[in-house]
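Derivation of every value follows stated rules applied to the coordinates shown; laboratory data play no part. Here the structure is a predicted model, which is why all the values come from computation and not from measurement. Here Cβ is always computed from backbone atoms with ideal geometry, including for glycine, and neighbour counts include all displayed protein chains.
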Amino acid sequence: MNSTEQNNEDIKAICQFLIDNYETLEEDSGGMLRLDLPSFDLYSWDYLRFAEESIEKHDDGNLVEKLNCVSHLKRALDCAVAIFLDGLNLRQVFDKRNLKIEKRLEFLREIGVFTARSLSRLNSIRNRMEHDFEVPKIKELDAYFDIVSTSIALLDATLANIAANAEKSYVVPNVSDNDKWEYSVEYEYCIEAPSIRFSIEKWIRKNEIAQQEYEFTLADPKSFTKALKLLLILSRKDWMLGKNFTLKQIQEMAAA
């Protein structure tokens with residue numbers, strides 16, 4: 001079994017542990033991550049404001065304002081994606097490999113920021129606006145503006161959520177002794193050399209604990225992506241995602 005196959009099996013093992021203990025899993029503690037965000041002259045919300053002004057100024061004969069709006073919306077989305085990736089210290093990976101916006105958006109879909117349907121709609125509108133050399137209609141501009149502004153808000157919220165829940169520990173209480181736990185599971189997003197760590201511990205007896213540790217790095221991008229998706233699911237467990245929805249997502253990851 002090569003390292004990629006082993007990492008995939010490790011992801012499934014973590015998911016299976018969470019599924020088996022989901023009903024009794026209790027949040028124990030957590031930690032935050034300080035983000036080192038890039039400094040730009042203009043940010044995504046600035047470009048959105050410029051786009052909105054272009055829409056408000058335009059009339060059917062004002063081609064320049066229509067094209068300006070498309071340009072501003074493109075920059076707004078590009079900027080939001082750059083900030084998200086930079087916040088997690090991942091942008092240099094995409095830059096080094098010269099991966100364009102399509103690959104970056106697909107990564108965001110794979111970790112669960114966008115659904116497949118929403119990304120398909122975004123790409124469809126974006127390609128028509130930016131690549132087909134057609135003069136956009138006002139309804140198309142409105143639709144493009146709405147989906148870009150929604151995407152930016154979602155990226156901002158997801159990054160803030162990861163920062164607020166970068167470390168978390170859950171325990172499974174001991175049924176015979178409420179003051180003790182039987183299992184614990186922890187995760188941590190490590191930003192310096194980006195990696196995601198999981199740890200599962202089992203209480204055996206006094207002062208004796210069996211521990212299994214897992215680490216997913218960018219050396220295996222697919223496993224890192226899956227681990228980040230699992231981290232996002234757990235970070236929103238019980239407060240942003242419904243109990244059944246969260247469990248279903250973990251089950252789907254275990255079966256993949």
Q: Name the residues whose placed amide hydrogens come within less than 5 Å of the amide hydrogen of residue 182, ignoring near sequence neighbours (fewer than 5 apart) on the same chain.
A: 172, 174
(Q) Can you show me the helix-derived [θ] at 222 nm for the chain, built from DSSP H runs with n ≥ 4 at -39,500 (n - 2.57) apiece and divided by the number of residues, rounded to the nearest 500. (A) -18500 deg cm²/dmol
Q. Hey, quick one: spin label on residue 1, modelled 7 Å out along Cα-Cβ, who in the stretch 220-256 has an amide N within reach, i.e. under 18 Å?
A. 220-224, 226-227, 253-256
Q. Within the chain, what is the longest stretch that has no GluC sites (Glu not before Pro) placed in a DSSP loop and near at most 15 other beta-carbon atoms within 10 Å?
A. 1-133
Q: Taking amide H positions as placed in the peptide plane 1.01 Å from N, state which residues far from residue 168 in sequence (5 or more) or on other chains have amide H under 5 Å from it.
A: 31, 187
**Q.** Computed Kirkwood radius, in angstrom, where 1/r is averaged over Cα pairs of the stretch 77-147
**A.** 13.2
Q.
Between residue 95 and residue 252, what's the calculated FRET efficiency when r is the beta-carbon distance and R0 is 41 Å? Round to 0.05.
A. 0.85
Q.
Give me the net charge for the shell around residue 119: Cβ to Cβ below 14 angstrom, other residues only, Lys and Arg +1, Asp and Glu -1.
A. +3
Q.
If you average 1/r across every pair of different Cα atoms in the stretch 128-199 and take the reciprocal, what Kirkwood value do you get, in Å?
A. 16.6
Q. Counting only the backbone N, which residues of the stretch 101-116 are under 16 Å from the spot 7 Å out from the Cα of residue 245 toward its beta-carbon?
A. 112-116
Q. Membrane-span-like helices in the chain: DSSP H runs reaching 30 Å or more (Cα, own axis), mean Kyte hydropathy at least 0.5?
A. 63-87, 138-164
(Q) Restricting everything to alpha-carbon atoms, can you work out Rg to Rh for the stretch 48-115 with a Kirkwood hydrodynamic radius? (A) 1.12
(Q) Under a Cβ-only charge scheme (Lys and Arg +1, Asp and Glu -1), can you give me the dipole magnitude of the stretch 44-163 about the Cα centre, in debye to the nearest 20? (A) 560
Q. Between the stretch 74-102 and the stretch 15-32, what's the alpha-carbon centroid distance in Å?
A. 31
Q: Note the per residue figure in Å³ for the convex hull of the C-alpha positions in the chain.
A: 148
(Q) Below 14 angstrom from the Cβ of residue 79, what's the summed charge of the other residues (Lys, Arg +1; Asp, Glu -1)? (A) 0
Q. Cα-Cα over 22 Å: which of 12/103; 100/139; 226/248?
A. 12/103; 100/139
Q) Given a Förster radius of 22 Å and the C-beta distance between residue 13 and residue 193 as r, what FRET efficiency does 1/(1 + (r/R0)^6) yield to the nearest 0.05? A) 0.40
